[in-house]
Amino acid sequence: MINLFSLISTSLISAVLTWVTIKIYRHFNWLEQPAAEQHPKQKKFKSTHSQAVPRGGGIPIFFSVLISSLIFLQIDKYLIALLVGSLILTVTGVLDDILNIHPYIRIFTGVLAGLIIVGSGIGIAYLTNPFGPGVIHFNTPQLAFEIGGQLHTIWILADIFALFFILWNMNIVNWSKGVDGQLPAFVIPAFIIIALLHNSFSADPTEFNNTILAFIMAGSYIGLLIFNWYPQKIMPGYGGSTLAGFFLSVLAIISGAKVATTLMVLAIPTADAIFTIFRRLAKGQSPIWGDREHLHHQLLDQLGWGRQRISLFYAATTIILGMLSFYLTTTGKMIMLILSFIFVFGIQIWALLNKKNKIINQQKNV
């Protein structure tokens, strides 16, 4: 019952804070102007929206999670690390909303937020072996040192893996926010699925914090979705999108290293990110600079899908793949991931070839 109450309460808090954020951003004219090309990425491609919209989605997400956490959760060092890391990302998001900061600055602050999580003792100590029985351990090598008379130990591989996992998901989720409602449409079911999965298989009654935390995070994005759905009144911005990847990653780790489950619910954004990186490198471009050839762009431009249809597609695939996580073994999850990648890669390759053929035909007709 408390899970549902925390979900509803956080949704209401987030909705109110989102409405306030819209008013503040419009008052100070902190808006993304598509025609003005103010943001670095807009110099390379045209935005998918045509109206001036605030990008302050990170503010209601952070504060709704903060308020609900103080109300519903037991405070420990891990929650403190989560809130401090998310505060850094939120501040970075606000600065990007207003000043359009350089991507390298955003990467630096993302690393800093990830290091705070790892420094609190959150790491990926093991993974279920997808190729056989047992698990793959990352608890060695270890670095032991003494501070203030107390012995501290760093699990090097576990911490490096956790940091990479957090940073990777932060960036791939950030890349999947291009149309109205898209981001909250798939992260809301992702949070709920992780919560239900943890609640179903966890035998430790003291870990109720993780389930409630997942519902709180889902609620924060429900409040945002109300105003982000087509036609959007506010965009998630860098803060809102990065917080989603950050929260999902940390939640997966502290809920028992559910890395495979997280990969399942983020299979479509992950496949799109991998294809995007190789595509940009093949063109001699930096992977961190944006373009208009992500999966949602191709669905919009090449297949003619509407924004709501794209958002529902992301939501539906997340729900389907997430529900399969309840029944599939780790090997089964890996097979589904491969199939998801083939599906996304196929659409991307077809879209690129179709775009190339259109250009060739236009040149012939000139």
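Derivation of every value follows stated rules applied to the coordinates shown; laboratory data play no part. What you see is a predicted model, and the numbers here were worked out from it, not measured in a lab. Glycine gets a Cβ as well: all are built from the backbone with ideal geometry, and neighbour counts include every protein chain shown.
Given 233/283; 23/177; 283/355, which pairs have Cα atoms separated by over 24 Å? Each step should come with its number before you reach the end.
On the way: 233/283 35 Å; 23/177 22 Å; 283/355 16 Å.
Violating the 24 Å Cα-Cα cut-off are 233/283.
Using only the Cα atoms of segment 174-325, build the gyration tensor, take square roots of its eigenvalues as a ≥ b ≥ c, and label the shape rounded, prolate or oblate: rounded if a/c is under 1.5, else prolate if a/b is larger than b/c, else oblate. Walk me through the numbers on the way to the answer.
Values: a/c = 2.04, a/b = 1.55, b/c = 1.31.
It is prolate, given that a/c is not under 1.5 and a/b is the larger ratio.
Quick check: the angle from helix 330-365's long axis to the longest principal axis of the chain, C-alpha only, nearest 10 degrees?
Its long axis makes an angle of about 20 degrees.
With charges set only on the Cβ (+1 for Lys and Arg, -1 for Asp and Glu), what does the dipole of the chain come to about its Cα centre, in debye to the nearest 20? List each step's numbers first, then the result.
Details: 23 positive and 14 negative charges, 294 e Å.
The dipole magnitude comes to about 1420 debye.
In whole Å, how far is the Cα centre of segment 232-299 from that of segment 90-167?
18
Could you tell me the convex hull volume per residue, in Å³, taken over the Cα atoms of segment 44-197? Before the final figure, lay out each step's value.
Values: hull volume 28.3 nm³, N = 154.
Convex hull of Cα atoms, per residue: 183 Å³.
On a 0 to 90 degree scale, rounded to 10, what angle separates helix 2-27 from the longest Cα axis of the chain?
Taking Cα atoms only, the helix is inclined about 40 degrees.
What would the Debye equation give as log₁₀ I(q)/I(0) for segment 243-366 at q = 0.19 Å⁻¹, counting only Cα atoms as equal point scatterers?
Results for segment 243-366 at q = 0.19 Å⁻¹ read -1.15.
For the chain, with the dipole built from +1 on Lys and Arg beta-carbon atoms and -1 on Asp and Glu ones, taken about the Cα centre, which of 336, 138, 312 lies farthest toward the positive end?
Highest projection toward the positive end goes to 312.
Dividing the alpha-carbon Rg of segment 111-160 by 2.2 N^0.38 Å yields what? Kindly include the intermediate steps, with their values, before the conclusion.
Details: Rg = 13.2 Å, N = 50, 2.2 N^0.38 = 9.7 Å.
Against the compact-globule rule of thumb, the ratio is 1.36.
For 55, 279, what ranking results if the residue with the fewest other Cβ atoms within 10 Å of its Cβ goes first? Intermediate results must be reported in sequence, preceding the final value.
On the way: 55 25, 279 17.
Starting with the residue having the fewest Cβ neighbours, the order is 279, 55.
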